[in-house]
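Worksheet: the structure to be examined is printed underneath.
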Amino acid sequence: MEKFGNSWRANTSTNKTGNVKQCLVENIPNGTVSLTPLHHIRSCFSSSPTPFIFPLKTQILRSPSKLQFQHNVSLIVSLTVGTPPQNVSMVLDTGSELSWLHCNQTTRDNQPDPTIFNPNQSTSYKPIPCFSPTCVNKTQDFPIPPSCDSDNLCHATLSYADASSSDGNLASDTFHLGSSGNISGLVFGCMDSIFSSNADEESKTTGLMGMNRGSLSFVSQMGFPKFSYCISGSDLSGLLLLGDSNVTWLTPLNYTPLVQISRPLPYFDRVAYTVQLQGIKVSGKLLPIPKSVLVPDHTGAGQTMVDSGTQFTFLLGPVYNILRREFLNQTAGVLRVLEDPNFVFQGAMDLCYRVPLGKTRLPNLPSVSLVFTGAEMVVSGDRVLYRVPGEIRGNDSVWCMSFGNSDLLGVEAYVIGHHHQQNVWMEFDLEKSRIGLAHVRCDLARQRFGVGL
C-alpha cells in the first residue's frame, strides 16, 4: 500500500532549559505579553472569543505528491514563522501528521526566498537532539524511524508514493497566527533536502501543515477542540478556521462519527480522519454495492479517509467499477465518450469524455452522493467531471469523471479528496470524534467572516 499520509506520532518535548514550552499570546493594543504553559494551551486558545481564521487559496503543485500525479491542485495556507517572522506557505493536509518547512541556512545574494525558511535567521528556532525523549521515545509510529545526524540532532525522512522524499531535522519555533496570538515551541520538520522528479517545481510552497489526529500534528499541538475549512466552488478560494465557529447563520451540520480501531493493523492509518462509507447514489439511485467491501478488512485495508491533501476521490476497484458503469449508463447520449483505452488521467481515471471546445457549459450531469453514517456529501454539476489541463483531441477538450480507481494506484483505501469538498463546510470535531458536513456557498461564507486573499 502506498500511504497517503504520514502517520507520525510524537509528543512535544521540553526546551533547552528543561522548561515546559509556552503558548505566547500577544495583546497587541495594550502591548502586553502573557505566557501560558503548553499543557494549558487548550485554554489559551479555546477561551478566546474569536477563532483564528486564515484565507485558503489553491495552487497547482507538481511535487512532492502523495500520489503519482504530475499536476496536483493543493490548498495553501499562508502565515509567518520564526523571530523575526518569515513568510511561509503550507499545503493544508488532513492526511498527514508532521508539519514541515523547506529549510535552507543560506540565501541567494542575501535576498530572502519566499519559498524557503532560514532557521539561522530565527532566534526562536531550536533543533531537537536525537537523544531527547521526543526523538527516542515518541517516534514509534514514524514510517521511517528517525536517526542521529552528525550533529546528534533528530533526523527525519518523509517519503511519498511518487518516489519524492524529504530529509531534515525535527525542530521547534514560533508560529504566528495573525495579530491576535502566536504559538512558541511548535514541533515541525525542518527539511533541507527535498528530492523530486521535477526540481523546477519543488519549491512552489515552503512546506506542509499536517492536520490529522496524531499528537505531532499542527492542530493537536495547538490543542484546538475543532477546526473547519470551506472551499469555494467558483474561484477555489476559501477559509481555514481554527477553533469553534459559533456562527448562527451556518446551516446545521450533519455529523458522521470517526471510525477508530485501537489495535494496530498493517493497512489502517489510526490517526487519519476515517469515516464509514455506507453507500453511493447516482441521481438518487442507490448503487448495488455489497456492505462488506465498504468496511476495513482484517488487515485494515478498505478504510475511508477524508484527506484535504489529495485532490480527487478514489474508490476501491469493485466499487469504482459499479459507479463507472452506472454513470456511463446515465450519460449515454448526453456526453461523447473518449474512446482511447491508453488514456488514463492521473493513472486512475479511465472514464473520460470529449466536449467541444466552443461549448461554454456542460450538459446537466448526474449527481453522485457519498452516503456516510449520519451524513451525505452530494457531488453535482461540473464537479462530477474535471477538465484535463492541456489535453485536446481535434476540436474537443477532454473531461474525466472525478472519481478514480485506487486499485490502479496500489492504494488499499477509499480517499475523499478536496475537489469533492467544494462548497461543503467541513468541521473536524476532535473532542467528539466526528466530522460535520453542510452544503454552503463557501465564497459567501468567506465574505461573512471578512476573509480576503
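Tabulated results
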read-out	value
Criterion (at pLDDT below 95 and among the β-branched types (Val, Ile, Thr)) met by exactly one of Val411, Val398	Val411
Boolean, Thr115 is more than 30 Å from Tyr414 (Cα to Cα), modelled with pLDDT of 95 or more and surrounded by fewer than 19 Cβ atoms within 10 Å (Cβ to Cβ)	no
So Pro389, is it under 28 Å from Ser96 (Cα atoms), at pLDDT below 95 and open to solvent by 50 Å² or more (accessible area, probe 1.4 Å)	yes
Single unsatisfied condition, Pro264 versus (1) free of Cβ contacts under 8 Å to residues at least 40 places away in the same chain; (2) open to solvent by 20 Å² or more (accessible area, probe 1.4 Å); (3) within 19 Å of the chain's Cα centre (by Cα)	(3)
The one condition in (1) within 23 Å of His420 (Cα to Cα); (2) surrounded by fewer than 16 Cβ atoms within 10 Å (Cβ to Cβ); (3) touching a residue at least 40 places away in the same chain (Cβ under 8 Å) that Val295 fails to fulfil	(3)
From the options Gln303, Gln221, residue that is out of contact with any Phe, Trp or Tyr (no Cβ under 6 Å at 6 or more places or on another chain), crowded, with 20+ Cβ neighbours inside 10 Å and of a type in the set (S, T, N, Q)	Gln221
Residue list for segment 351-368, filter: within 25 Å of the chain's Cα centre (by Cα) and buried (at least 20 other Cβ atoms within 10 Å of the Cβ)	Val368
Criterion: in a loop (DSSP other than H, G, I, E, B), in contact (Cβ under 8 Å) with a residue 12 or more places away in the chain and over 16 Å from Leu315 (Cα atoms) - qualifying residue of Phe428, Phe343	Phe343
Scope segment 264-287; condition farther than 29 Å from Gly210 by Cβ and not in a strand (DSSP E or B); matching residues	Ser283, Gly284, Leu287
Matching residues in segment 332-381 - criterion: being in contact with a Ser or Thr (Cβ under 7 Å, 6 or more places away or on another chain) and acidic (Asp, Glu)	Glu376
The listed residue being in contact (Cβ under 8 Å) with a residue 40 or more places away in the chain and over 16 Å from Ser99 (Cα atoms), out of Pro143, Pro133	Pro133
Per-region count, segment 323-357, residues closer than 16 Å to Val388 by Cα and of a type in the set (D, E, K, R)	5
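The values are calculated or read from the model by the stated rules, or taken from the named source; none is laboratory data. Values in this document were obtained by computation on a predicted structure and should not be read as measured data. All Cβ positions, even for glycine, are placed from backbone atoms using ideal geometry, and neighbour counts span all protein chains on display. Heavy atoms of the whole protein, side chains included, go into the accessibility calculation; ligands, DNA and RNA do not. Shrake-Rupley method; radii C 1.70, N 1.55, O 1.52, S 1.80 Å.
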